Each structure stands twice: as C-alpha cells, then as structure tokens.
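Throughout, read-outs are computed from the coordinates displayed, never taken from laboratory work. Since the model is a prediction, treat every value here as computed from it, not as a measurement. Virtual Cβ from ideal backbone geometry, glycine too; neighbours counted across all protein chains shown.
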Amino acid sequence: MAIRVDGIESEDELRKAQAAAQAQGTSITNYNEWSQILQEFQENGIESTGSYAGDKARMQEIQSAVEEYAMQVQEQERIQQNSPDNKETEKVQKSSETDKNQELKATVANATSSQIMADYMKYYHMLM
C-alpha cells in the first residue's frame, strides 16, 4: 500500500503521512525539507499547494520576491545617501553653522580689540 502524499496541506498532515510510511518501512521523500517549508508557511499564513513540488516552488518564489524587495530597499537607501540634494543640504547647514560661529567670534574679537584700542588711546593721551 502506497502512502498518499498529494493533498498534504499542513505540517501535522505530513507528520501523520510520515508515521504511516514508517509503519510500512518507508519514508516520504524530502520529508525534512517539506516539513520546514510547511512550518514556515503556517507561521506566515501562506497556503500550501498540497504537494512537495508545488510548495517548494512557492517557497522559491517567495524567497526571490523577498530578495528582490530587499535589493530595492538597499538601492533606495543608497540613492538617498548619495543624493546631491542631501549632501548639499548638509554642507549648507554645516557651512551656515560654521559661518555663524565665525561671525560671533569675529564680533567678539572686534569688540574686544576696539575696547583695548580705546583704552590704549585713553592711557596714551593721559601720559602725554
């Protein structure tokens, strides 16, 4: 008597079919891989095709789609990081901050030197 492996849509059904096969002294081909696929399908709410070949093909399609999506996300991130607008905006902001700091330092230095010069001239005239 052959074990029917078509129409298995859950990991539980697969375990039962494997137990029946082992009772007859055989096993289901690709049992471990199929069991893993069915487990992932169940965890992610994906419906089984009912056959090993169909489930394996569906898993490969899903993996390809996920890899493609990941590559697109990475490409978008790379584009955003290399975007001239972002780099220029950062440079302008840094430049503006630096300019403001330099301006403040120059103002303080000018005020200080003006005060020193004024005091010097006052004392110079007092001595003369």
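Looking only at the stretch 18-27, how many residues end up being in contact with a helix residue (DSSP H, G or I) (Cβ under 7 Å, 6 or more places away or on another chain) and either among the hydroxyl-bearing types (Ser, Thr, Tyr) or within 14 Å of GLY50 (Cα to Cα) (or both)?
Going through the stretch 18-27 one residue at a time, the tally reaches 1.
Pairs linking a residue in the stretch 49-73 that is without any contact (Cβ under 8 Å) to a residue 60 or more places away in the chain to a residue that is surrounded by fewer than 10 Cβ atoms within 10 Å (Cβ to Cβ) and part of a helix (DSSP H, G or I), with Cβ atoms under 9 Å and 6 or more positions apart or on different chains, are ILE62/ASN44. For the stretch 37-78, residues that are part of a helix (DSSP H, G or I) and touching a Phe, Trp or Tyr at 6+ places or on another chain (Cβ under 7 Å) total 2.
Within the stretch 9-17, none of the residues are out of contact with any helix residue (DSSP H, G or I) (no Cβ under 9 Å at 6 or more places or on another chain) and surrounded by fewer than 11 Cβ atoms within 10 Å (Cβ to Cβ).
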